[in-house]
Amino acid sequence: MFRRLTLLAVTLLLLGSGAFATTYPVTVVDDLGRAVTLTAAPQRVISMLPSHTESVCAIEACDLLIGVDRHSNYPAQVTGLPQLGDAFAPDLEAVLALDPDFVLVDEYSGLQAPLTDLGITVFAGSPQTIDETMAFLLLLGAMLDRETEAAVLVGQLEGEIKGVAAVLTGVTGPRVFVELDPTPYSIGPSSYIGELVAAAGGVNIVTEAMGEFPQVDPEYVVLQDPQVIVLTDAPFGVTADSVAARPGWSAIEAVVDGRVYELDTAAADIISRSGPRMGEAVRLLAALFHPGLF
């Protein structure tokens with residue numbers, strides 16, 4: 001499965017098959033373990049996941065897109081494309097009417113099944129870590145005949161992340177709690193956002209043993225006393241004031257010091273989408289965690 005491929009493995013795979021000049025047909029394996037064969041460079045691409053839309057455009061293949069899911073809102077040029085529902089409520093009739101030769105979907109919705117039945121070539125999968133995101137960008141470059149552009153992008157992203165790390169050398173990071181919803185659900189260290197937190201110099205109060213996306217006991221958060229709270233659910237009405245009103249939370253250091261950060265929709269998208277804006281995501285979080293350095 002794609003998820004088991006590391007950045008190094010994908011790089012070696014591409015180099016071994018003549019990277020930077022795709023020879024078709026090309027066969028890759030998606031996150032569902034399906035062999036996906038492209039007989040020629042795709043010319044009519046549909047993306048049913050916002051992070052895939054951003055990735056396609058970031059490797060200079062935006063001109064290939066003929067339709068996107070309803071959540072794809074970046075870059076601006078994709079907002080004028082036909083919207084085709086979303087992964088869990090797709091407009092299959094509209095997809096078929098656009099006559100795509102390649103569709104990118106996630107691995108959870110099952111959307112690959114009806115599309116494949118309609119005779120459309122589909123890649124099902126999405127990266128879940130920083131390393132997987134780098135690997136996916138290279139793989140996407142190979143599928144869309146944009147190998148050079150993908151390699152340059154990956155190099156830029158690696159440089160951006162290393163640049164933040166260099167600034168943070170010897171700096172002690174704050175204890176951080178990232179809230180996905182007010183239940184509250186959060187992110188574990190091995191999740192994509194968890195890795196962004198670490199790359200930005202934060203110390204996640206959620207442990208590895210708690211899982212990638214755990215529902216956290218509110219009392220646990222109080223006991224861990226985070227110094228920074230990041231609200232990705234702020235676009236849905238959660239505020240610093242509503243957090244402070246929770247039993248016991250008014251005494252949390254982040255609340256006392258005014259370091260409960262309400263992300264707007266644009267910022268929440270940046271840190272939640274595993275794609276080409278990961279460098280921007282790390283810098284965004286680093287500026288929250290270390291305001292004197294960024």
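The values are calculated or read from the model by the stated rules, or taken from the named source; none is laboratory data. Model, not experiment: these values are computed from the prediction. Backbone-built Cβ (ideal geometry, glycine too); neighbour counts: all protein chains shown. All accessible areas refer to the heavy atoms of the entire protein, side chains included, with ligands and DNA or RNA removed. Shrake-Rupley method; radii C 1.70, N 1.55, O 1.52, S 1.80 Å.
Ignoring everything except DSSP H segments at least 4 long, calculate the 222 nm mean residue ellipticity for the chain; use -39,500 (n - 2.57) per segment, divide by total residues, nearest 500. Please report the intermediate quantities before stating the final value.
On the way: 12 runs with 110 residues, N = 294.
Result for the chain, helices only: -10500 deg cm²/dmol.
How much of the accessible area of the chain, probe 1.4 Å, is carbon plus sulfur, in whole percent?
On the way: 7030 of 12510 Å².
Whole-percent figure for carbon plus sulfur exposure: 56.
Restricting to the chain, what percent of DSSP beta bridges are antiparallel, rounded to 5?
30
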Any idea how far apart residue 239 and residue 167 come out in nm if each label point goes 7 Å out from Cα toward Cβ? 3.0
Shape of segment 144-194, Cα gyration tensor, a/c cut at 1.5: oblate
Kyte-Doolittle cut-off 1.0, length cut-off 18 Å along the helix's own axis using Cα: show which whole DSSP H helices in the chain pass. 130-143
Given springs between every Cα pair under 10 Å in a Gaussian network model of the chain, which of 231, 140, 115 has the largest fluctuation? 115
Let's test the formula: R0 of 45 Å, r as the Cβ-Cβ distance of residue 40 and residue 217. What FRET efficiency results, to the nearest 0.05? 0.25
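Quick one: putting +1 on the C-beta of Lys and Arg, -1 on the C-beta of Asp and Glu, what dipole do you get for segment 2-158 around its Cα centre, in Debye to the nearest 20? Intermediate values should be presented prior to the final figure.
Working: 6 positive and 20 negative charges, 45 e Å.
Dipole size: approximately 220 debye.
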Using the Cα centre of the chain as the reference point, and only Cβ charges (+1 on K/R, -1 on D/E), how large is the resulting charge dipole? Debye, rounded to the nearest 20. 520
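Might you tell me the accessible area per residue for segment 175-289, computed with a 1.4 Å probe and given in Å²? Walk me through the numbers on the way to the answer.
Details: 4580 Å² over 115 residues.
In whole numbers, segment 175-289 has 40 Å² accessible per residue.
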Computed about the Cα centre, the charge dipole of segment 175-289 from +1 Lys/Arg and -1 Asp/Glu charges at the Cβ has a magnitude in debye, to the nearest 20, of 260
The chain: relative contact order as a whole-number percent, Cα under 8 Å and 6+ apart: 16
Projected label distance in nm at residue 117 and residue 287, using a 7 Å step from Cα toward the beta-carbon: 4.7
Here are some values of volume of the Cα convex hull per residue in Å³: (i) 141; (ii) 130; (iii) 158. Which one was computed from this structure? (ii)
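When only Cα pairs under 8 Å and 6 or more residues apart are kept, what is the percent relative contact order across segment 175-289?
Computed value for segment 175-289: 29 percent relative contact order.
Between residue 26 and residue 253, take the C-beta separation as r, use R0 = 41 Å, and let me know the FRET efficiency to the nearest 0.05.
Numbers: r = 52 Å, r/R0 = 1.27.
The value I calculate is 0.20.
Let me have the relative contact order for segment 2-158, percent, based on Cα pairs under 8 Å that are six or more residues apart. Display every interim value, and only then the final one.
On the way: 269 pairs, mean separation 45.0, N = 157.
Reported as a whole number, the value is 29 percent.
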